[in-house]
Amino acid sequence: SSGINAEYGGRMEGVAYHGGDLNSGLNLILEKEEDCREKCLDSEKCVAYSWVHDSSAGTWFQTCWLKEEGYTVETNSAVSSGYIKDLSCNGDSGNDDGDDEGKDDGKDDGDDEGKDGEEECSYVADDDYCYHGSDLVDGRTQPQDTREECEERCDDDGRCVAYSWVDNEDLKSTEWWHSCWLKEEGYEKKEEANCASGFRKCEKKDDEDDGKDDNDDGNDDGDDDGKDNEEECSYVADDDYCYHGSDLVDGRTQPQDTREECEERCDDDGRCVAYSWGDNESLKSTEWWHS
């Protein structure tokens, strides 16, 4: 929600948000984009807005459209849009006046920014893959000089879970060069040399771990990366069943010689929770074999 727990997150020129309307912009005509932004900030439900600045848009000119979750992002030169940061989901806003009602567990040693027990997130590099669909922005409108800058843009947008940054020298003279595409859930991963991509992987911080590790059996030989008490995961074989839908990749483009190799690919992708591998002999001469 917005209101007192929100602040302006960022602005996108030439981008329109479609769907997720909280109002009809035709009933909210505002002379300045800043006024539209303030309307969103003042609304409890608003997470983004679009404002039509092009006078040639006729009755749409200066309309202000307030958005809730579920909108899509499209290129539109007549429109400026912006999104809102919800500080209630982002920890300490920096205005610590002592009224956090005792949420600190007393184990804050200064390096966890008061987020004891929350998730720690980092990005996993996924080179030579491009992520398609589920765009939060048109990456061509926001080129970034380096992959790190693109990743930082994703990190600054609370909705972003992954990014693709185009660094293929063959595209240097095109609008795709250094375009930075921010992604929400639902994108498709494709093997392409055009991109350097990455996805956010989060792990639960152990808020009971104050350095004493009561569950440590004393046999910590340094090969568990300090992840005592975290989840241990394994795969359960489910033979003669195919899992349909919710594909992260088109398996035909990435055949694997063995089931174990397919399982390993799933294990290497932090988003993957299951896999299907095609080993039916009758499909041996088709593109489905070993997909």
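Would you check if residue 28 is in contact with a helix residue (DSSP H, G or I) (Cβ under 9 Å, 6 or more places away or on another chain), surrounded by 17 or more Cβ atoms within 10 Å (Cβ to Cβ) and modelled with pLDDT of 90 or more?
Details: in contact with a helix residue (DSSP H, G or I) (Cβ under 9 Å, 6 or more places away or on another chain): yes; surrounded by 17 or more Cβ atoms within 10 Å (Cβ to Cβ): yes; modelled with pLDDT of 90 or more: yes.
Against the criterion (in contact with a helix residue (DSSP H, G or I) (Cβ under 9 Å, 6 or more places away or on another chain), surrounded by 17 or more Cβ atoms within 10 Å (Cβ to Cβ) and modelled with pLDDT of 90 or more), residue 28 qualifies.
Can you work out which of the residues in segment 129-169 that are of a type in the set (Val, Ile, Thr) and at pLDDT below 85 is surrounded by the most Cβ atoms within 10 Å (Cβ to Cβ)? Give the steps one after another, and end with the answer.
Going residue by residue through segment 129-169, those that are of a type in the set (Val, Ile, Thr) are 137, 141, 146, 161, 166.
Checking the rest, the ones that are also at pLDDT below 85 come to 137, 141.
Details: 137: 23, 141: 15.
So, considering only residues that are of a type in the set (Val, Ile, Thr) and at pLDDT below 85, the one surrounded by the most Cβ atoms within 10 Å (Cβ to Cβ) is 137.
Which of the residues belonging to segment 251-267 are touching a strand residue (DSSP E or B) at 6+ places or on another chain (Cβ under 9 Å) and open to solvent by 40 Å² or more (accessible area, probe 1.4 Å)? Break it down stepwise before answering.
Restricting attention to segment 251-267, the residues satisfying the condition of being touching a strand residue (DSSP E or B) at 6+ places or on another chain (Cβ under 9 Å) are 253-254.
Across segment 251-267, the qualifying residue is only 253.
Whether any residue in segment 185-206 is at pLDDT 75 or above, part of a loop (DSSP other than H, G, I, E, B) and surrounded by fewer than 17 Cβ atoms within 10 Å (Cβ to Cβ) is what I want to check.
First, pick out the residues of segment 185-206 that are at pLDDT 75 or above: 185-203.
Add one more test, that the residue is part of a loop (DSSP other than H, G, I, E, B), and what stays is 185-187.
Okay, now just the ones that are also surrounded by fewer than 17 Cβ atoms within 10 Å (Cβ to Cβ), so 185-186.
Yes - at least one qualifying residue is present in segment 185-206.
Take the residues of segment 58-77 that are at pLDDT 85 or above, open to solvent by less than 60 Å² (accessible area, probe 1.4 Å) and not basic (Lys, Arg): which is farthest from residue 21 (Cα to Cα)? Before the answer, list the steps.
Filtering segment 58-77 for residues at pLDDT 85 or above gives 58-68, 76-77.
Still in the list and also open to solvent by less than 60 Å² (accessible area, probe 1.4 Å): 58, 62-67, 76.
Cutting the leftovers down to not basic (Lys, Arg) gives us 58, 62-66, 76.
Working: 58: 20, 62: 16, 63: 13, 64: 10, 65: 7, 66: 6, 76: 17 Å.
Restricting to residues being at pLDDT 85 or above, open to solvent by less than 60 Å² (accessible area, probe 1.4 Å) and not basic (Lys, Arg), the top hit is 58.
Picking from 55, 43, 80, which residue would you name as being under 25 Å from the mean Cα position of the chain (by Cα) and modelled with pLDDT of 90 or more?
Details: 55 fails: under 25 Å from the mean Cα position of the chain (by Cα); 43 fails: modelled with pLDDT of 90 or more.
None of the others qualify; the one that does is 80.
In segment 267-286, is there at least one residue being assigned to a helix (DSSP H, G or I), of a type outside the set (Asp, Glu), modelled with pLDDT under 80 and farther than 19 Å from residue 190 by Cβ? Step through it out loud before you land on a result.
Of segment 267-286, the ones assigned to a helix (DSSP H, G or I) are 267-268, 281-283.
Retained after the next criterion (residues that are of a type outside the set (Asp, Glu)): 282-283.
Now restrict to residues that are modelled with pLDDT under 80: 282-283.
From the residues that got through so far, the ones that are farther than 19 Å from residue 190 by Cβ too are 282-283.
Yes; the residues of segment 267-286 include at least one that is assigned to a helix (DSSP H, G or I), of a type outside the set (Asp, Glu), modelled with pLDDT under 80 and farther than 19 Å from residue 190 by Cβ.
The values are calculated or read from the model by the stated rules, or taken from the named source; none is laboratory data. The structure presented is a predicted model; accordingly, all values stated were derived computationally and were not measured. As a convention, Cβ positions derive from the backbone with ideal geometry for all residues, glycine included, and neighbour counts pool all protein chains shown. We work out accessible area using only protein heavy atoms, side chains counted, and drop any ligands, DNA or RNA first. Shrake-Rupley method; radii C 1.70, N 1.55, O 1.52, S 1.80 Å.
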